Every structure is written in C-alpha cells, then in structure tokens.
1. Once you have the Cα-Cα distance between residue 119 and residue 89, take 0.36 nm times their residue separation minus that, and quote the gain in nm to one decimal.
2. Would any residue of segment 68-87 have its amide N under 19 Å from a label point 7 Å out along Cα→Cβ of residue 100? List them or say none.
3. Name the shape class, rounded, prolate or oblate, that the alpha-carbon gyration tensor gives for segment 71-119, where a ≥ b ≥ c are the square roots of its eigenvalues, rounded holds for a/c under 1.5, and otherwise prolate holds if a/b is larger than b/c and oblate otherwise.
Amino acid sequence: MTAGAPSAPERPDPPAPRDPGVPPDPGALPGARPDPLPNPVPMTATAPDPDAASDIALRARKRRDAALLLPVSGVVLLMPPMAEIFAVEGTVLGVPLVVAYVFAVWFCLIVLAARIAHRLEP
C-alpha cells in the first residue's frame, strides 16, 4: 500500500445481544449497551399492613386452640355420666341408643379433627 492510498473503513462493533426478557428502550441509541443495574424500587412502596399480620396470627391461634379443645371435649362427651343420659330403652336402626351415641360422637370427633388438621399450618 502506498502512503496516499485510502485505508479500509473501520467496522462498527456489533450490538450487544439483548436479553429477551428486557423490553427495548425506545430512546436508546442503536448499538448502545443497556444499563447494567436496573432502576431501584421506588421509595413510595407501602409497608405491609400490621393489622393483616395480627389477623393472620389470631386466626392461626384460634385454630390451635380448637385443636387443643377437641380432645378435651371428646373426653367429656364420652365420659360415663354423659353416656348414661342415652342409656335408655330405645334403638336407632336396631342399635341401642347409647351405642349409637358413642359412635356418633366418635365419628364427629374424627371429622372435626380432619377439618382442623387440614387448616393447621405445618
């Protein structure tokens, strides 16, 4: 090459690959690289409602109390003085009334325990 010969034009750098999850900036120059740090969260964000947290804690406490009260009520309902109330001459579908009472209380305790256990947090 001679000193007066024009040199080959320089190629511009290829644009940086754009992250598909980031929308393009309409004001950016072609080939400009995006800002490496995203904008911080605005300071106008609201704090969580303290009443909502206490309400959730209150509901959880009520569920735990119900879970503790269930066996106590089962013991009281199945004690002999309570069962003697139903120890009378009578049948329900051919089953003596006291036996039907015991099995009905037992069934209700199982159903209630399942419902309470389902709603308790692990």
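What follows is calculated from the coordinates using simple rules that are stated; it is not laboratory data. Predicted model only: the values in this text are computed from it and were never measured. Note that we place each Cβ from the backbone using ideal geometry, even for glycine, and neighbour counts take in every protein chain shown.
1. Full extension of this stretch gives 6.8 nm more.
2. Residues 78, 82-87 qualify, since their backbone N sits under 19 Å from the label point.
3. oblate
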